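Take a look at the structure set out below.
Nothing in this text is a laboratory measurement; each read-out follows from the coordinates by a stated rule. As the structure is a prediction and not an experimental result, all values here were calculated from the model.
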Amino acid sequence: MPGEASAGAREIPLGVRRRARRLAWVYLIVAAGLIVWTVFLALSLPKENLEHHYRLTWVGFDLILVVAIYLTAHMAFRLDARVVFPATVVATLLVADAWFDVTTSTTASAATQALILALAVELPAAAFSLYVAHRVGRRVRELAHLDRVAGPHPPVSDPAHPALPSQSTSPVDE
């Protein structure tokens, strides 16, 4: 996985490729750590609580989070611009995890621990994943705009409005 890159990855500047690789390693390490945490939950949570499948609910949720984090790492290793999708899913799941950890706590001590974990780990990690998605999306738009403007073909007029310049010369979301 780490050695593979998507088509056209060599055209991406070296600094961007290095940052993408570091990002991919971070997500991969977090996914591995979350697997250990999920095993711990599978062994330590009560089998039943308010509902009959309490353990299954949390272990299943964390496994979905592991898959999303892994996909983020995998796509970052491949320098795949679609990394924005799993990164956004990771952020969403982390916010939901923080919310449910806090709101389903049965004691004040458990609620305090859940709140500390949410504020110190889950919500900052969610914000980071959204930041990654935003940065990659912005970079893709920038590259797409540069490609259209500096591409091998000159801009052409819109056939429906020959007097108007091509859409390719207009600025992209700034």
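The table below lists the values:
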| quantity | calculated |
| --- | --- |
| ³J(HN,Hα) computed for each position of the stretch 86-95 - Karplus, 6.51 cos²θ - 1.76 cosθ + 1.60, integer Hz, glycine/proline x | x, 5, 5, 5, 4, 4, 4, 5, 5, 5 |
| Cubic angstrom per residue, convex hull over Cα atoms of the stretch 15-143 | 94 Å³ |
